[in-house]
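A short reminder: the numbers here are calculations on the coordinates, not readings from a lab. As the structure is a prediction and not an experimental result, all values here were calculated from the model. Backbone-built Cβ (ideal geometry, glycine too); neighbour counts: all protein chains shown.
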Amino acid sequence: MQFKVPQFLDIEDKIFGPFTFRQFVYLAGGAGLCFIFYKLLGLLLGAIPILAIAGFVLALTFYRPNNKPFINMIESGFKFFMQSKLYIWKKHADKVMNEKMRIARENKNQAIGELGTKLSGERLRDLAWSLNVLDLSKNKNSTQ
């Protein structure tokens, strides 16, 4: 048993001559709105709103960016502007701090490299003595 699979589901039927129902509604509504502005404002004062409405209606009817209806783009833009947004702030100081830490690590590695080759028993004793002296000076200042 074979079944016929529908093809071209995204194509709308042409109902009003060369226009689909949706295109016809856009054109009829835009023409009616332009006529209302013409009757209320006259031709000279109503020229700018009439041209703006006519351009918008023609874009809704015929313009298809990325082969999608223009109304989808309008809807997406409206949702974008109306929804709440999450802004994450990354401090510039983090980058500066990371750079300082990298430089400190490089200096530490360089100092260890220099001390590692020249560290003798006498040098080690001098370092231990200086650490003990520094610790004693801290203890004396804190007790006074």
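Summary of computed values
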quantity: Built amide H within the under 5 Å cut-off of Thr20, gap 5+; calculated: Ile15
quantity: Loop-resident sites, the range 1-100, for GluC sites (Glu not before Pro), counting at most 15 other Cβ within 10 Å (DSSP); calculated: Glu12
quantity: By average C-beta atoms within 10 angstrom, highest first, the peptides 58-66, 14-22, 76-84; calculated: 58-66, 14-22, 76-84
quantity: Packing-based ranking, highest mean first, of 100-110, 40-50 given that Cβ atoms within 10 Å are counted; calculated: 40-50, 100-110
quantity: FRET efficiency estimate (nearest 0.05) - Cβ-Cβ, Ile88 to Asn66, R0 35 angstrom; calculated: 0.75
quantity: Computed lengthening from Phe35 to Trp129, 0.36 nm per intervening residue step minus Cα-Cα distance; calculated: 24.1 nm
quantity: Cα-only radius of gyration and Dmax that characterise the range 42-93, units Å; calculated: 18.2, 61
